[in-house]
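Have a look at the structure below before the remarks.
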Amino acid sequence: MLEGLNSVAWHEIDHAYGPALDTPGHLRALLSNDPEEVAQAIRDLDRTIHEEGGFVCPAATAVLPFLVEVMPVLGADHRAALLDMIERIACYGDAEQVDRGWHAAWASARPQLEDVLRDLQ
């Protein structure tokens, strides 16, 4: 799981506070056995990969496939929180500043998310 995470040039990808160097750690924390660590990772990602109504940054585009990948292994509450975050970011697709790769990433992730959610019901 999270294969390819170390291949991403996180130092070249920006989130809301600059280079997304902390993002791989947040993604890895989603797989923790500690529910509070997972919840904190979701909050950290939510805080850094977008700004509400402001912009969808390149980090959002880069993390989306990893979020889809970990979704099935999360507990129900964490899965709901992560899905809520993803849906809010997707709604910002018409914001003034949207990473140019976001729309393609969302188009690819949406059917995968629907499959994951259908399988979990």
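The values are calculated or read from the model by the stated rules, or taken from the named source; none is laboratory data. Fair warning: this is a prediction, and the values are worked out from it, not measured in the lab. Here the Cβ is made from the backbone with ideal geometry for all residues, glycine too, and neighbour counts use every protein chain on show.
Going by the conditions given, is Arg43 part of a helix (DSSP H, G or I), farther than 21 Å from Ala107 by Cβ and in contact with a Leu (Cβ under 7 Å, 6 or more places away or on another chain)? Before you say what the answer is, go through the steps one by one.
Working: part of a helix (DSSP H, G or I): yes; farther than 21 Å from Ala107 by Cβ: yes; in contact with a Leu (Cβ under 7 Å, 6 or more places away or on another chain): no.
For Arg43, the condition - part of a helix (DSSP H, G or I), farther than 21 Å from Ala107 by Cβ and in contact with a Leu (Cβ under 7 Å, 6 or more places away or on another chain) - is not met.
Any residue at all in region 72-80 that's among the charged types (D, E, K, R), out of contact with any strand residue (DSSP E or B) (no Cβ under 8 Å at 6 or more places or on another chain) and not in a helix (DSSP H, G or I)?
No; the residues of region 72-80 include none that is among the charged types (D, E, K, R), out of contact with any strand residue (DSSP E or B) (no Cβ under 8 Å at 6 or more places or on another chain) and not in a helix (DSSP H, G or I).
Can you give me the number of residues within region 56-71 that are in contact with a Phe, Trp or Tyr (Cβ under 6 Å, 6 or more places away or on another chain) and part of a helix (DSSP H, G or I)?
So the answer is 1.
Counting only residues that are among the acidic types (Asp, Glu) and under 17 Å from Val70 (Cα atoms), how many does region 1-24 have?
Of region 1-24, the ones among the acidic types (Asp, Glu) are 3, 12, 14, 22.
Subset that is under 17 Å from Val70 (Cα atoms): 3.
Selection size over region 1-24: 1.
Can you tell me which condition Val116 does not meet? The list is (1) at pLDDT 85 or above; (2) within 19 Å of Glu3 (Cα to Cα); (3) out of contact with any Phe, Trp or Tyr (no Cβ under 7 Å at 6 or more places or on another chain), and all the others hold.
(1)
Conditions (1) in contact (Cβ under 8 Å) with a residue 12 or more places away in the chain; (2) over 19 Å from Ala104 (Cβ atoms); (3) out of contact with any Leu (no Cβ under 6 Å at 6 or more places or on another chain), marked per residue:
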position: Glu3; (1), (2), (3): no, yes, yes
position: Ala9; (1), (2), (3): no, no, yes
position: Tyr17; (1), (2), (3): yes, yes, yes
position: Ala29; (1), (2), (3): yes, yes, yes
position: Asp34; (1), (2), (3): no, yes, yes
position: Thr48; (1), (2), (3): yes, yes, yes
position: Cys57; (1), (2), (3): yes, no, yes
position: Pro65; (1), (2), (3): yes, no, yes
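Of the numbered conditions (1) assigned to a helix (DSSP H, G or I); (2) at pLDDT 90 or above; (3) surrounded by 14 or more Cβ atoms within 10 Å (Cβ to Cβ), Leu31 satisfies every one except a single condition; which is it?
(1)
Would you tally the residues in region 1-21 being surrounded by 16 or more Cβ atoms within 10 Å (Cβ to Cβ) and either over 17 Å from Ile42 (Cβ atoms) or among the charged types (D, E, K, R) (or both)?
Of the residues in that region, 4 qualify.
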